[in-house]
Amino acid sequence: MVPEAYRDPITTHRIALIAESYAKLLGRELAAPGPDPVATLWEARLAVVAHGTESDPLFFFGNRAALLAFEATPDRFIGMPSRLSAETPLQAERQALLDRVSQKGFIDDYSGIRISLSGRRFRIADATVWNLLDENGERHGQAAAFSV
């Protein structure tokens, strides 16, 4: 069952941009299409996360697989600065990755170490990171999909 935190209209629209932007930029579907885009991403096999465009970007979505990897609940994950998903020494590497995504639109060759809310390190592999773009090309953040 999709958490209520993902059901308000603004958040639902932002979550829909995750799959729409992925399909536009990469030319393939992120997950099998269904009648409810939020539920489709919530149940996706890959971990999927997204943050906004704040000066210190905040997560607004993590699906079931991502929340398990980060050992988080939606209440603890939503609003967390996304930089905290990497340990301090790795934050510069993470920022360089995000800058590359901003310039190219997406990358699909990232692997690295992330840190859960409990402090456990875990590897993400074959990550795709992309810009969230609306129908006018306005950027609404970035998202990532990865295996853990």
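The values are calculated or read from the model by the stated rules, or taken from the named source; none is laboratory data. Note that the structure is a prediction, hence the values are computed from the model and not measured. Here the Cβ is made from the backbone with ideal geometry for all residues, glycine too, and neighbour counts use every protein chain on show.
A few comments on the model shown:
- Residues in the range 30-72 that are over 16 Å from ALA144 (Cβ atoms) and either of a type in the set (Lys, Arg) or out of contact with any Pro (no Cβ under 8 Å at 6 or more places or on another chain) (or both): ALA32, PRO33, GLY34, PRO35, ASP36, PRO37, VAL38, ALA39, GLU43, GLU54, SER55, GLU71.
- Which listed residue is in a helix (DSSP H, G or I), touching a residue at least 12 places away in the same chain (Cβ under 8 Å) and of a type in the set (S, T, N, Q), from THR53, THR40: THR40
- Test set (1) modelled with pLDDT of 95 or more; (2) in contact with a strand residue (DSSP E or B) (Cβ under 6 Å, 6 or more places away or on another chain) - ALA127 fails condition number: (1)
- The number of residues in the range 111-137 being touching a residue at least 24 places away in the same chain (Cβ under 8 Å), assigned to a strand (DSSP E or B) and under 17 Å from SER21 (Cβ atoms) comes to 6.
- For LEU30, the test of being part of a helix (DSSP H, G or I) and either within 14 Å of the chain's Cα centre (by Cα) or free of Cβ contacts under 8 Å to residues at least 40 places away in the same chain (or both) is failed.
- Scanning the range 88-110 for residues that are more than 19 Å from SER55 (Cα to Cα) and either free of Cβ contacts under 8 Å to residues at least 60 places away in the same chain or surrounded by fewer than 12 Cβ atoms within 10 Å (Cβ to Cβ) (or both) turns up PRO89, LYS104, ILE107, ASP109, TYR110.
- Scan the range 20-45 for residues that are more than 19 Å from ARG7 (Cβ to Cβ), surrounded by 11 or more Cβ atoms within 10 Å (Cβ to Cβ) and among the hydrophobic types (A, V, I, L, M, F, W, C) and the total you get is 4.
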